[in-house]
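My questions will all concern the structure given below.
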Amino acid sequence: MLSPILRASITTSAMSNTTRTQVNLAAANRLSAVQRHLSTSAPARRAQVEKLTVFGAGLMGAGIAQVGAQSGLKVVLSDVTDKALENGLNIITKSLSRVAKKKSPDDIEGFTSNILKNIEITTDAAKAVHDSDLVIEAIIESIKVKRDLFGFLDEKAKAECIFATNTSSLSVKEIAESCSTERQARFAGLHFFNPVPAMKLVEIIKTPQTSPETFEALREVTLKMGKAPVSCNDTPGFIVNRLLVPYLLEAIRMVERGDATPEDIDTAMELGAGYPMGPFKLLDFVGLDTTSYIAQGWREKAQSGEISKELVEPIGLLDKLVKEGKLGRKSGQGFYEYETKK
């Protein structure tokens, strides 16, 4: 027969064991709950961009496709006609030949051929994006056309695919609004500069909806392409054009007022400011119609106070030249005259 003291000791020990078991069970349950929370709330793994689709086979689109293919990405180049795609491939082939003369002078054809193997072409927009990790649009600078394209692609591309516009002057947010809320988190501006294979800079434009994962994925892929990415919010002109366009417009105003000639202004900025190209040589290179179009779009932004009205006031001389078809190098005449290819 157990003594009262021994019975009390056994009872206390049993209760102690039971209590410890309950505490351990409760702790295990809490740990399990924390682990479940972490597994569901942790940010998704950043997407690796391996397959790139580029819309628009002009100079910009072809250039983007080329640097993507050179960096090892599998690229699909898409446009609305076979002729446009053929022209795009010709642009890429000629550019690669120039690169090959420096990098592989003994096997120019082989170097070019190996890069071109990474590029497919198609006029089927849905097919172009069905397995893409990143879509870059480099088509006409029209917000309606861009919105129509992205609105269509939003239903065709996989959910995790990132969308990017190469616009130089339009609102990235307004373009992105053609897509679903989920896609808007995977939408940004990716502004390359012409000529793309030679120009190192890329502006990554974030909207209020652009996720950190999207930004990082774009930064990584541009670094992989050998570019130098910079970040900017979705503001008119981003960084470069916000500073450059008002400078170009003021140069035109100086000529219009009779303050100086285009030649003297170019010489002054090249020799005095160290610019590689004066404003009028640059205007002719970019295209006077392009500069005029950007200024017109910015005047709309000026009405809402997003940019100073004085910076983008209409310039009679610019409007006159554009109306006369004197657009710069591409038309044979702008502020300077150029020999046209026959």
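Picking from Ala57, Ala69, Ala62, which residue would you name as being within 20 Å of the chain's Cα centre (by Cα), assigned to a loop (DSSP other than H, G, I, E, B), buried (at least 18 other Cβ atoms within 10 Å of the Cβ) and in contact (Cβ under 8 Å) with a residue 12 or more places away in the chain?
Checking each option against the conditions leaves just Ala57.
Quickly run through the stretch 72-119 and pick out the residues that are closer than 17 Å to Ala138 by Cα, open to solvent by 50 Å² or more (accessible area, probe 1.4 Å) and outside any helix (DSSP H, G or I).
Val80, Thr81
How many of the residues in the stretch 178-211 are open to solvent by 30 Å² or more (accessible area, probe 1.4 Å), in a strand (DSSP E or B) and farther than 20 Å from Leu244 by Cβ?
Within the stretch 178-211, residues that are open to solvent by 30 Å² or more (accessible area, probe 1.4 Å), in a strand (DSSP E or B) and farther than 20 Å from Leu244 by Cβ number 1.
Being open to solvent by 60 Å² or more (accessible area, probe 1.4 Å), over 28 Å from Val196 (Cα atoms) and either in contact with a Phe, Trp or Tyr (Cβ under 9 Å, 6 or more places away or on another chain) or not charged (D, E, K, R) (or both) narrows it down to one of Glu313, Glu306, so name that one.
Going through Glu313, Glu306 in turn, just one is open to solvent by 60 Å² or more (accessible area, probe 1.4 Å), over 28 Å from Val196 (Cα atoms) and either in contact with a Phe, Trp or Tyr (Cβ under 9 Å, 6 or more places away or on another chain) or not charged (D, E, K, R) (or both): Glu306.
Then there's this: Condition (residue is among the small types (Gly, Ala, Ser), farther than 29 Å from Asn241 by Cα and in contact (Cβ under 8 Å) with a residue 40 or more places away in the chain) applied to the stretch 94-105: is it met by at least one residue?
No; the residues of the stretch 94-105 include none that is among the small types (Gly, Ala, Ser), farther than 29 Å from Asn241 by Cα and in contact (Cβ under 8 Å) with a residue 40 or more places away in the chain.
Among the residues of the stretch 154-167, are any free of Cβ contacts under 8 Å to residues at least 60 places away in the same chain, assigned to a helix (DSSP H, G or I) and out of contact with any Ser or Thr (no Cβ under 9 Å at 6 or more places or on another chain)?
The answer is no; no qualifying residue exists.
Here's something else I'd like to know. At pLDDT below 90, more than 22 Å from Met254 (Cα to Cα) and surrounded by fewer than 18 Cβ atoms within 10 Å (Cβ to Cβ): which single residue out of Lys342, Lys330 fits that description?
After ruling out the rest, the residue left standing is Lys342.
Kindly check whether there is at least one residue in the stretch 177-185 that is at pLDDT 95 or above and closer than 28 Å to Ile92 by Cβ.
No, the stretch 177-185 contains no residue that is at pLDDT 95 or above and closer than 28 Å to Ile92 by Cβ.
Tell me which of these Ile175 doesn't satisfy, since it passes every other one: (1) open to solvent by less than 10 Å² (accessible area, probe 1.4 Å); (2) assigned to a loop (DSSP other than H, G, I, E, B).
(2)
List every residue pair whose Cβ atoms sit under 9 Å apart, with the two residues 6 or more apart in sequence or on different chains, where the first one lies in the stretch 192-218 and is on the phi > 0 side of the Ramachandran plot and the second, anywhere, is modelled with pLDDT of 95 or more and assigned to a helix (DSSP H, G or I).
From residues that are on the phi > 0 side of the Ramachandran plot, there are no pairs.
Still on this structure, please answer the following. For Gln296, work out the one condition from (1) over 13 Å from Ile252 (Cα atoms); (2) crowded, with 18+ Cβ neighbours inside 10 Å it doesn't fulfil.
Among (1) over 13 Å from Ile252 (Cα atoms); (2) crowded, with 18+ Cβ neighbours inside 10 Å, the lone unmet condition for Gln296 is (2).
State which residue pairs qualify: first residue under 21 Å from Val49 (Cβ atoms) and inside the stretch 222-240, second residue open to solvent by 40 Å² or more (accessible area, probe 1.4 Å) in any location, beta carbons under 6 Å apart, and separation of 6 or more residues or different chains.
Hits for this filter: Lys227/Lys200; Ala228/Lys200; Ala228/Leu201; Pro229/Arg219; Cys232/Ile239.
Contact list please: Cβ distance under 7 Å, first residue in the stretch 287-306 and without any contact (Cβ under 8 Å) to a residue 24 or more places away in the chain, second residue among the charged types (D, E, K, R) and open to solvent by 50 Å² or more (accessible area, probe 1.4 Å), pairs at least six apart or on different chains.
Hits for this filter: Ala302/Lys309.
The values are calculated or read from the model by the stated rules, or taken from the named source; none is laboratory data. These numbers were taken from a predicted model, which means no experiment stands behind them. A quick note on method: Cβ atoms are made from the backbone with ideal geometry, for glycine too, and the neighbour counts reach across all protein chains shown. Remember, those area values only see protein heavy atoms, side chains included, never the ligands or the DNA or RNA. Shrake-Rupley method; radii C 1.70, N 1.55, O 1.52, S 1.80 Å.
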